[in-house]
Amino acid sequence: MTERLLERGISATSFDPAAASASSADLPGRARVVVVGAGIVGASVAYHLAKLGEDVLVLERASVASGTSWHAAGLVVRGRSSHVFTELADYGISLYSRLPGETGVDVNLNQCGSLTLARTTGRLDELGYMAGICRHHGIPNDLISPERAVELWPLAVADGLVGALHQPDDGHVNPGLAALALATGAHLSGAVFREGVRATGIRSHAGIVLGVDTDRGFVECERVVLAGGLWTRDLAAACGASVPLWPAAHVHVQTIELVGATPSLPVLRDLDASFYARHLNGRLLVGAFEPDGQPLDPAGLSPDFAFGEFEPDWDHFAPVRRLAEQRIPALRGVEWARFLNAPESFTPDANFCLGETAEIAGLFVAAGFNSQGIIYAPGAGRALAEWIVQGSPTFDASAVDVQRFNRQQANRRYLHERTREGLGRLYAMHWPHLQPHTARNIRRTPLHDRLSAAGGCFGELVGYERANWYAPAGVQPEYEYSYRRQNWFVYSAAEHCAARDGVALFDLSTFTKVEVGGPDALQVIQHVATQDLDVAVGRVVYTLFLNGRGGIELDGTITRTGEDRFVVVTPTSAHTKTLAILRRAAAATTASVFDATSALATIGVMGPLSRELMQRISPDDLSNKSMPWGRSREIEVGNGYARCLRVSFVGELGFELYPAADFAVDLYDSIAAAGSDLGLRHAGYHALDSLRCEKGYRHVGHDIGPVDDPYQAALGYTVALDKPGGFVGRDAIAPRAGMTPDRRQIFVRLLDPDPLLLHGESILLDGAIVGRMTSGAYGHTIGGACGLGYIGGDVPVGMDFEIDCAGHRVPAEVCDRPFYDPGNERLRS
């Protein structure tokens, strides 16, 4: 252990012997929270829990920082590509700067800055958007010329560069010392550490955690945090919980001492060449995030794998090495003193896993940091500690919530294949609408082949294949990425217009569909939904699902299909969370929860001509009088039957059909045939997004999330404060009713028809930042980019706003009502 620590420049002084090296014979029999894993993430969780006064026990199978923390490159940053990740990362540098004075452990923080290079205009566009996020948070940054870049990094050359982003407050730390400092701080605040104790399983009963089994005995607890890095997936799976992460080999090499390798050199990232470089003790450390990663089978690692490495693989590193030598000529022919090849864990979407598992209440996760644990451990540790103590997230956890994944995504074979791409995805272009290329075509809707034949270009969401847009005859259904208008823009515009002016067909089969039935079904539904669902059979109600702090966990529709039966429909990505909420609410009741997602297809027939089309294939009366908006019933349609909902996510007259999966293709064929002379057009999810942005419909995970309450989101009409029995989150939001919120959701339209909106852009009034965008798309009906965002609760709306679009301030109108059909006349026609 000492040799490994010394290799990384870590003090040979061991972690506090009184805390961590105590005999395992005195393993406590109980703690309120047990953290499994004492790497930098587990140490951070323990540190922040202890600061909040929690009774914390940390179990580590080997020693602190012995898993992957010890061999990290130690890079730290302030600004990232989204608001939430920027907030998490920025806190990290702040904490690292304070830890030495608090703990006596110097983490060797060197704020030498960072320099991210751009070889293409697309990469420069990406850096421009990141610079905008930095400006929003007051983080210093400059987009600079290639010439200025090499002035800051004299060992590099500017060949092939078009620009760079300089962030002067970034830098690096000693990763092992950072972990030791957090562990020391946790211990000083009362946390207990036990090294040399292996967690062998998680014990639970009726879906609630009871404690941790170890090779030294059982520890009872109320909360468990799995922070075991690459071992987390298997430990969670053993107790029935799903945590999709998988290890891959990560490589960095060190030169011998090199002239010009000084502590003042910024961290260099040449993303288009898949490498980074930093100073280390008079040498250069060069690391790779190559596009062809090497996934590993964790079963092949010894249970005693600690401070572990694999054999050097210079052949695999060779392509990145050549690119690094081109950028840094001093590396050509240099003697390499060290080749480090060791594992890191990666997730299917390259974001880490945080939060409570869906399957076991009280079982939390902090793992899968995609080689960014040093950057995010402080912020993630604080966020999870607050989540545990307060019972709900205190930040917008949507992008990292472990429940965002579908259970299928924890499959070993799937993860192994996806991880080939996952490692390199950190440095690959982060294009808008970027789709993965590995582990595809695994989950397909019943209509997949029909949509493919119609020219569908498919994207992937939580393992599902979904048609995002349709290519006309003679056009390849493939993405051509850009930060400007991509190749599908005009085709999606035609789909959008068909839904507005004619009729369009959407395959919505990946929507989450859950049936709740039984004598206590109404009680369960009333408990989780903000609306009053004691309504007539056949009513469809839009509602929210809150957490205990009043934040929005989900939105969706609930249809009462019988006196004791309901159908809940929520977004595709909310599948795991929806089941978790409903199953926990139904526990110990006489209600059953059935996942009908795969049993039922969902076909949307949308647009002013949708009723005419539907009446051609159904003898049922679908008139506004017989079936008004917000109603549902089973109808005879095509050659069979399907439940029909008179609802629309596009803001037009429309019908959602829910046929049995084995009937879906035949029903699709009936719709396609009946709509041919009406100009029926296939429409994908890009069109659905642009239509809903015009109409002002929210998207959970972007526009609403766990720290947004219904009044901030302008959704107070969904809240029935006076319904019998209340609902989850009622007591938290009741005092806010009728008050001006601290921030409120608004609708934005750019006055220049050319620029695009993505999400995250700053909203300015009189030159000052007053809010930010949460989603954006092009409003083909209203003639410009539009979207949703938040501004201060007392900021007036009007025409005098600007949006910071990657450094370009674009005039905009901000309104409290949607720009398209604010009175819902077309929707209810």
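Laid out as a table, the results:
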quantity	calculated
Whole-Hz ³J(HN,Hα) from phi, Karplus 6.51 cos²θ - 1.76 cosθ + 1.60, for region 717-727, glycine and proline x	5, 8, 9, 9, 4, 9, 6, x, x, x, 6
Prolate/oblate/rounded call for region 198-321, Cα gyration tensor, a/c under 1.5 rounded	prolate
Listed peptides 349-360, 64-75 by packing density, highest first (mean Cβ within 10 Å)	64-75, 349-360
Gain in span if fully extended, residue 481 to residue 412, counting 0.36 nm per residue against the direct Cα distance	21.8 nm
Sorted peptide list for 172-179, 229-236, 139-146, criterion being average Cβ within 10 angstrom, highest first	172-179, 229-236, 139-146
Lysines with Cα under 22 Å of residue 577, excluding same-chain neighbours fewer than 8 positions away	513
Exposure ranking of 625, 577 by accessible area [1.4 Å probe, largest first]	625, 577
Accessible area per residue in Å² at 1.4 Å probe, computed on region 69-124	31
For residue 556, residues with placed amide H under 5 Å, excluding near neighbours	543
For residue 201, distant residues with modelled amide H under 5 Å away	213
Shape of region 86-199, Cα gyration tensor, a/c cut at 1.5	prolate
The chain, helix-only ellipticity at 222 nm - DSSP H runs n ≥ 4, -39,500 (n - 2.57), divided by all residues, nearest 500	-7500 deg cm²/dmol
Between region 486-511 and region 388-445, the Cα center-to-center distance that results, in Å	26
Extent along principal axes [Cα atoms of region 70-129; Å; largest to smallest]	46, 23, 20
Carbon and sulfur %, accessible surface of the chain computed with the full protein complex present, 1.4 Å	50
Nitroxide proxy distance, nm - points 7 Å out along Cα→Cβ at residue 612 and residue 238	6.5
Residue 259 paired with residue 596, simple spin-label distance in nm, labels 7 Å along Cα-to-beta-carbon	7.6
Mean-position separation - Cα centroids, region 514-531 and region 144-215, in angstrom	42
In Hz, Karplus ³J(HN,Hα) per residue of region 59-73 (6.51, -1.76, 1.60; θ = phi - 60°; x = Gly, Pro)	9, 10, 5, 10, 9, 3, 6, 8, x, 10, 4, 4, 9, 5, 7
Whole-angstrom gap from region 578-606 to region 766-805, using each part's C-alpha centre	36
Distant alpha-carbon pairs in region 325-433 (separation over 18 angstrom), percent	60
Mean shadow area of the chain over all directions, Cα convex hull, nm²	33.4
Shape of region 618-705, Cα gyration tensor, a/c cut at 1.5	prolate
Base-10 log of normalised Debye intensity for region 361-484 (one unit scatterer per alpha-carbon) at q = 0.13, 0.18 Å⁻¹	-0.72, -1.13
Extension gain, residue 147 back to residue 808 (0.36 nm per residue minus Cα-Cα distance, nm)	235.7 nm
Where a label projected 7 Å from the Cα of residue 732 along Cα→Cβ would reach, residues of region 671-710 with amide N under 13 Å	705-710
Theoretical gain in end-to-end length, residue 302 to residue 620 [0.36 nm per residue, Cα-Cα removed]	108.0 nm
Mean projected area (nm²) of the alpha-carbon convex hull when region 548-685 is viewed from all directions	9.9
Simple spin-label estimate for residue 222 and residue 740 in nanometres, 7 Å along Cα-Cβ	4.0
For region 387-439, alpha-carbon Rg relative to the globular expectation (2.2 N^0.38 Å, N residues)	1.45
Of the DSSP H helices in the chain, those whose Cα atoms cover at least 27 Å axially and whose Kyte score averages -0.5 or more	83-103
Ordering of 110-116, 406-412 by burial proxy (mean other Cβ atoms within 10 Å per residue, highest first)	110-116, 406-412
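The values are calculated or read from the model by the stated rules, or taken from the named source; none is laboratory data. Worth saying up front: this structure is predicted, and the values here are computed from it rather than measured. Here the Cβ is made from the backbone with ideal geometry for all residues, glycine too, and neighbour counts use every protein chain on show. Ligands, DNA and RNA are excluded from the accessible area calculation, which covers all protein heavy atoms including side chains. Shrake-Rupley method; radii C 1.70, N 1.55, O 1.52, S 1.80 Å.
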